[in-house]
Structure formats: C-alpha cells, structure tokens
Amino acid sequence: MYILLVPTLVPIPKQQSILKIMYNGITFRLFLLKRKRKSNGEMPVYLRITKDRKYRIVSTGVSVPEKQWNESSQTVRKSHPRHSSINARLDDILATAKETVWDMPDEKKSITEVKSALSASGTALDFFGYANAFCDSLIQSKRISAYKNTKVTLRFFTSYLGKGYVPFDEITADTLHGFQNFLQEPRMITVNGEKVKKHGNKANTVYNHFKNLKRIFKQALLDDVINTNPFLKFKPIQKQRTDKARLYYKQVQGIETLDLPPGSWLDVTRDAFMFSFYNAGIRFGDIARLQWKHIIDGRLKYNMSKTGTGKNIHLLKPALTILDKYRPVTPDKEEFLFPILDAGLDYSDEVFLKAQISSKNVIVNRNLKILAGLAGIEENVSFHVARHSFADYARTSGMDIYNISKALGHADITITQAYLKSFDETSLDTEMEKLFNNGL
C-alpha cells in the first residue's frame, strides 16, 4: 500500500493499521530490504520515500522473517509473536513521517530533504523502540539468556534516563559514563515498604550491562539505523578476573554421602550434580535434556546444547549406580534420565524448553545451597560448580590438559588453559608448602 501526501489526512480501514497521507505527489511505503537478510533469516523493514520516480530509504530498526511480512498491507502478520507492538511501532514511524513532511516548506520537499528531515526528527531512531525489536530477534533466534539479560539492562537504562523514549543521537559518551556511575553507586530502594541502601553493582555486572548495550549499537550500525557509535568515545569498565568456585573432592564426597529422603527434590538435585561431576561436568541445560536414548552400549552420547558439538563418554561405575536409581524396567527412549523437567509437557518449542530449564535451574541451585549447608560447606555452590570441581580435580590428579580439554568439550585447548587459570593460586600454595616444609 502506498501512502500519498496531500493537504488532507484520510484514514484507511483500521485493520490495516496504516495511515494514508496525501500531499504533492510524495509517497511512503514500508518494505523488506531483502539484500540485507540477517544470519537468522530476518529481513529489515525500510521506509521508501518516493517523488517523481526517485526515492530514498530510511531504516525503521525493525526486522522480521519474510513469511511473517504482509506486503500488501505493509504490516507484520499475526503469526509473529509480537505483531501488535511491531505494527504499532511502524504506525508511529509513519505518523512521525507525516508530521515532519507536513511542517516542511514546499520548496524543501525533495526526497533528499525529506529523508534528512525524517532522520533529524528522530523517525525510526528511537533507541528503546529499536532495542525492543532487537530483543525480539533474540527470541526468534532462541537466545533466551541473551534476551533476559538484555531486558534487564534496558530496565536499568530506562531507570537511569527517567524515560522510555530517547533518540539514538541523544545517547552520547557522557550518557554512557553517567549510566556507569549510576550502576556503580549505592542507592536507596524500597523493601517491604522501607527505604534501604542497596550496594552498587560490581565491576563484572557493570561490564555485562555495557556488553548488552554495545551489541544493540553494533547491530544498529549494521542496519544503517545510525552512523555513529558513542562507544567509540567511551570505554566501559573492564571485566575483572574472578576465581571460579569449585569444591575439593572430599567436599564433593560430603554431598554424595548425605542421607536424603529418596525421590525428594534434594535427592534428585544431589544425584544430578554427582552425575555431572562423574561425567566431566555436564552443564545443567544438558543434564535436564538427557534422555534414555542417549545411553548407548554403556556410553553417554549427546550433543551439547551450548556448542552443538557431540560428547561421547564412557559411563563409569559411580555414574551407572546413580542411573540405576532412575532406570525404569522398560525405559522409554524419549523419557528424561532425571525427573527435573515436568513430565507430559510438549517441549518441541525450543523457546519454551529453555524457559522451563531456566526455571528448574533456579530450584536446583537453591537446593544445592541447602545440600552444601548440610555437608558443612561454606562455598557458594551452584550446579556449574560440578564442572569447575571436575576440572580442578582432574588437574590436581595429574590428567594432562589435552584430555581435560577433550573431557570438558572445549573446541580449543587455549579455552581450557584460561578455564584452569583461576585454579593456579591453590596449586602454587601447595607447591610452596612442599618447598619450605621439606626444607625444615
């Protein structure tokens, strides 16, 4: 549908969600710029400004799959999970375009001037509008963790700015510097109706917030939504190295030997944690997904969800002993090894599956803190500690770094070297004790 500009505004049927504007032979049209197809298959929506068979285009900051774009109505189809919000955004862009051109002197109404005026007016350059569309693309790409983390960053950024709309060009290096101070400084919050002082975010938390913002600006540059990046003049706080929490083998055994009610959540949590430890630190997302079809001839064979690469592990006696607690008389190949995810639900939707795994991970980590307390462990234990604990135990037991790398499923041995680096301090302590105790 073409949008003609004339002195009178004529509304078209509401279900098409677009205004028809007529003036002086200028037309606007929303379309997919197919030559800029993204790696996830989505295509950016652009606004075409046409006059006398000449045209210019302006990015809207919106991208959608081709099959979910209605070319005739220039709207996102209802099959898109956020069709309402995206179509509302496109409506706003068209309305702003109409107002901008309406206010221009007749002699300025060339397509070049119109495009320049639209860009200057902030059309299609609202940061939060673009950022929310960017988050939609993360959902489409099934990047659930990235989606959640980015949404948290945007919530903090909105709180700092005090508004939910800001043109890209108003976000400067000074803005980013102020946001960094905002994140680091203590502030008062309300808890149960009382004002309490909340400590500022630590360096790595601040670093992660800016990593999320940088991703948005980088994509905006690729989409031609902006042509400058405030991060060129602002360097956020650097990530600080932190020691990876891990347990010594005696501590792991302390959790393993706890007397727990059979079949309880604590019992299942302990067994899943130990199964992970005995199998080179399987990540929680994979533990939750493992099914009986992944047990083949005494081996565990599966693809890691994080990397997509395959793992093939010989199941040792301690791991088989754990599995025997959950092995049905006639195992259903599609049944999960551990009763972590709720049975009977349809997990064919990857987004839904990841959301359920995230929810269960919270419960399991809470249970692990209880188990650690029962075992007299003061360390802050989460499920990923099983992976760290395996790596450290393998290292201190003399396993060479190549085999540790293979066991962890790292693509490159340098990743393993960096992974083990935080354990070096304890190794040095041990060697120093040997050195001087032997000399006394």
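Counting only protein heavy atoms and a probe of 1.4 Å, the accessible surface of region 212-323 is 52% carbon and sulfur. If R0 equals 56 Å, the separation of the Cβ atoms of residue 67 and residue 316 corresponds to a calculated FRET efficiency of about 0.70. Each residue, residue 99 and residue 141, gets one label point 7 Å from its Cα in the Cβ direction; the gap between the two is 3.3 nm.
Rounded if a/c is under 1.5, else prolate if a/b beats b/c, else oblate: with a ≥ b ≥ c from the C-alpha gyration tensor eigenvalues square-rooted, which is region 314-395? Cα axes put region 314-395 in the oblate bin. The order of the peptides 274-286, 341-353, 52-64 by mean Cβ neighbours within 10 Å, most packed first, is 274-286, 52-64, 341-353. Only Lys, Arg, Asp and Glu carry charge here, each on its Cβ (+1 for the first two, -1 for the last two); on that basis region 29-187 has a dipole of about 920 debye about its Cα centre.
Residue 265 sits among other residues whose Cβ lies under 15 Å from its own Cβ, and their net charge, with Lys and Arg +1 and Asp and Glu -1, is +2.
When Lys and Arg each count +1 and Asp and Glu each count -1, what net charge do the other residues less than 13 Å away from residue 299, Cβ to Cβ, add up to? Value of the local net charge: +2.
In terms of its alpha-carbon gyration tensor, region 36-163 comes out oblate; a/c meets the 1.5 threshold, while b/c is at least as large as a/b.
Estimated at 0.36 nm per residue, the fully extended path between residue 412 and residue 329 surpasses their Cα-Cα distance by 25.8 nm. What percentage of all Cα-Cα pairs in region 330-374 are separated by more than 16 Å? For region 330-374, the fraction of Cα-Cα distances above 16 Å is 50 percent. Of the cross-linked pairs 202/360; 78/115; 38/142; 306/406, those separated by over 19 Å at the C-alpha level are 202/360; 78/115. Averaged over residues, the count of other Cβ atoms within 10 Å places the peptides 228-240, 381-393 in the sequence 381-393, 228-240, highest first.
The values are calculated or read from the model by the stated rules, or taken from the named source; none is laboratory data. Just so it is clear, the structure is predicted and the values come from calculations on it, not from any experiment. We place every Cβ from the backbone using ideal geometry, glycine too, and count neighbours over all the protein chains shown. What goes into the accessible areas is simple: the full protein's heavy atoms, side chains included, and nothing from ligands, DNA or RNA. Shrake-Rupley method; radii C 1.70, N 1.55, O 1.52, S 1.80 Å.
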